[in-house]
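Since the structure comes first, as structure tokens, the remarks are kept for the end.
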Amino acid sequence: MKNKKIALLYYDGFSEFEVSLALMYLQINCEVTTIALQKREYKSLESQRFIVDAIINEVDPASLDLLIIPGGEPDLLLQNSQLYEYIKAVVASQGTVAGICGGADLLVGMGFLKGRRCTGNATYPHLHPIIKAAYEKTRFTGEEVVIDTPFITATGDGFIKFAEVLKAMYGIKETILEGKPTWVAPKAGWINVSNSILVSQSAFEECNMTLIASQNEAVLIDTGYRLAEAQRVIDYLLSHNLVLKNIVITHHHEDHDANLALFSMNQGCIYDPSNCAEGVTLKVGKMTVRLFATPGHFPQGDISALVVEENVLIAGDILYSCLPIQLCYGAKPNVIRDTIEKMAKADYAWIIPGHGRIMTGAAITEMALSYIDKLYSRLDQIIDQHGNEDDLYAIKLSDCIAHIDWMVEEPAIDLHRQNKIEIFTAKQKNQSSQI
Ligand SMILES: [Zn+2]
């Protein structure tokens, strides 16, 4: 079922190539309607002719999950009050508005990005004076894509990343590019989340260690398991003349703290669940990193780190994208669920999980919660039908997880098996104590 509703705005001279990749992904799971100010033919920047589905009055702005404004030549729309009121109504009813290139300029020129982080054509010399003046009131970053909820802005060059971000946010489960790498694809080595946030990923179960670097300072979150990922970070610190101010260990499992002794260049203290459960704020160059307790995975405690300026969370082993969520081996399923729900509500731009690829906060929390829900409902069925442990074999990992092709096969299947056994046993005990 196509449950998300998306509208794409047509106008004279809109650029089709900047949105066509995004639409190719979105139309798989979403209902896409093209809208415009008039019901007529529109000619794109690329000289193709398009017939619009509906005029904007015919599509309730409150029904939209996402409105996309393509780039092109939007100057004539700048002072269009009907469009302005429409965008305002989409936002007022919790919808997202995404503008790419000229579409970002239009949102800025209309004043929607005032005081907000954004990107677009701020440095373009022939910008309309209203747009130029409005950019000065934003926090323009110049990145390819910037999310400042409820707005997403992108540069024209960033159209591939724009498509990937929308794909991840709207929970697209399959892509027609299946098999080809995407920017979040797991691979051993560096993953650049932004200019200041770099992830060194291990060949061991895609375990992530994260370096936050700003000006000449750095903070390291987790120290990895194998030498390769730590060496990559050490080389980076040395070659960029960075002072390692602090180390943060999200929890004391050896795949996250094994290389701690290699980082003797650390100038400050080591933060871990034992000394910052109450919350600690660190400054790294221009960046602010907040540490706080996110319990549920490790009995001795877990902490997460939030890079405040970029709304990026490093979540330790509370979340995975290459394994099912760990609900066994000492983890507390109810506590971890509660922690993940809080992370979902916080709506982080990106979450760096303990293991696996980096995903938008919305997508990774949805993937985790749906795994837990599906597993619990299958286990409840077995209990209702007075089944026994043998019936657990029937609950395959692929029945419960959205991205079976992302899993690190053996450990993922082992973890799923143990999750089933421990939760089933606990549910049985619970039931017999209620009789
Ligand atoms: Zn781990």
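Each value in this text was obtained by applying a stated rule to the coordinates, not by laboratory testing. Not measured: the values here are computed from a predicted model. Ideal geometry is used to build each Cβ from the backbone, glycine not excepted, and the neighbour counts take in all protein chains shown.
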Item to check | Interchain or long-range residues, amide H under 5 Å from E16's placed H | outcome: L45, E46
Checklist entry - Could you name the lysines in cross-link range of K167, using Cα to Cα under 23 Å and dropping any fewer than eight places away on the same chain? => result K2, K4, K5, K180, K187, K342, K345, K374
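Average the reciprocal distances over every distinct pair of alpha-carbons in the stretch 100-145, invert the result, and give the Kirkwood radius in Å. Don't jump to the answer; show the numbers that get you there.
On the way: mean 1/r = 0.1002 Å⁻¹.
For the stretch 100-145, the Kirkwood estimate is 10.0 Å.
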Checklist entry - Using Cα-only point scatterers and the Debye equation, what is log10 of I(q)/I(0) for the stretch 39-93 at each q in 0.22 Å⁻¹, rounded to two decimals? => result -1.06
Checklist outcome for this item: Label model pair R49, S432: point-to-point distance (7 angstrom along the Cα→beta-carbon line) in nm is 7.6 nm
Checklist entry - Got the relative contact order for the chain handy, in percent, Cα pairs under 8 Å and 6 or more residues apart? => result 9 percent
Checklist outcome for this item: Given Cβ charges of +1 for Lys and Arg and -1 for Asp and Glu, the option among C101, T294, S304 whose Cα lies farthest towards the positive end of the dipole of the chain is C101
Next on the checklist: If you average the alpha carbon positions of the stretch 313-368 and of the stretch 404-425, how far apart do those two centres end up, in angstrom?
Outcome noted: 16 Å
Next on the checklist: Could you derive backbone 3J(HN,Hα) for the stretch 104-110 from the dihedral phi with the Karplus parameters 6.51, -1.76 and 1.60 (θ = phi - 60°), listing whole Hz in sequence and x where the residue is Gly or Pro?
Outcome noted: 5, 4, 4, 4, 5, x, 7
Item to check | For the chain: Kirkwood Rh in Å [reciprocal of mean 1/r, alpha carbons] | outcome: 23.4 Å
Checklist outcome for this item: With x for Gly and Pro, the residue-by-residue ³J(HN,Hα) of the stretch 275-286, computed from phi through the Karplus equation 6.51 cos²θ - 1.76 cosθ + 1.60 at θ = phi - 60° and given in whole Hz, is 10, 9, 4, 7, x, 9, 10, 10, 10, 10, x, 8
Item to check | the stretch 4-169: relative contact order in percent, alpha carbon pairs under 8 Å with at least 6 residues between | outcome: 22 percent
Next on the checklist: Restricting to DSSP H runs of at least four residues, report the calculated mean residue ellipticity at 222 nm for the chain, -39500 (n - 2.57) per run over all residues, nearest 500 deg cm²/dmol.
Outcome noted: -10000 deg cm²/dmol
Item to check | Degrees, to the nearest 10: 227-239 long Cα axis against longest axis of the chain | outcome: 50 degrees
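Do any trypsin sites (Lys or Arg not before Pro) in the stretch 376-435 lie in a DSSP loop with no more than 14 other beta carbon atoms within 10 Å, and if so, which?
Working: sites: R378, K396, R417, K420, K427, K429; in loops: K396.
Loop-located and lightly packed - K396.
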Checklist entry - If amide H atoms are built 1.01 Å from N in the plane of the peptide, which residues on other chains or at least 5 residues away come under 5 Å of the amide H of I401? => result none
Next on the checklist: Within 10 Å of each candidate Cβ there may be at most 10 other Cβ atoms; applying that plus a DSSP loop requirement, which GluC sites (Glu not before Pro) in the stretch 197-298 survive?
Outcome noted: E278
Checklist entry - Using modelled backbone amide H atoms (1.01 Å from N, in-plane), which distant-in-sequence or interchain residues come within less than 5 Å of S93's amide H? => result none
Checklist outcome for this item: For T138, T288, T425, ascending order of other Cβ atoms within 10 Å (fewest first) is T425, T288, T138
Next on the checklist: Show me, for the stretch 299-311, the HN-Hα J-couplings you get by feeding each phi into the Karplus relation (A = 6.51, B = -1.76, C = 1.60, θ = phi - 60°), rounded to Hz, glycine and proline as x.
Outcome noted: x, 7, x, 9, 10, 10, 10, 10, 8, 4, 4, 10, 6
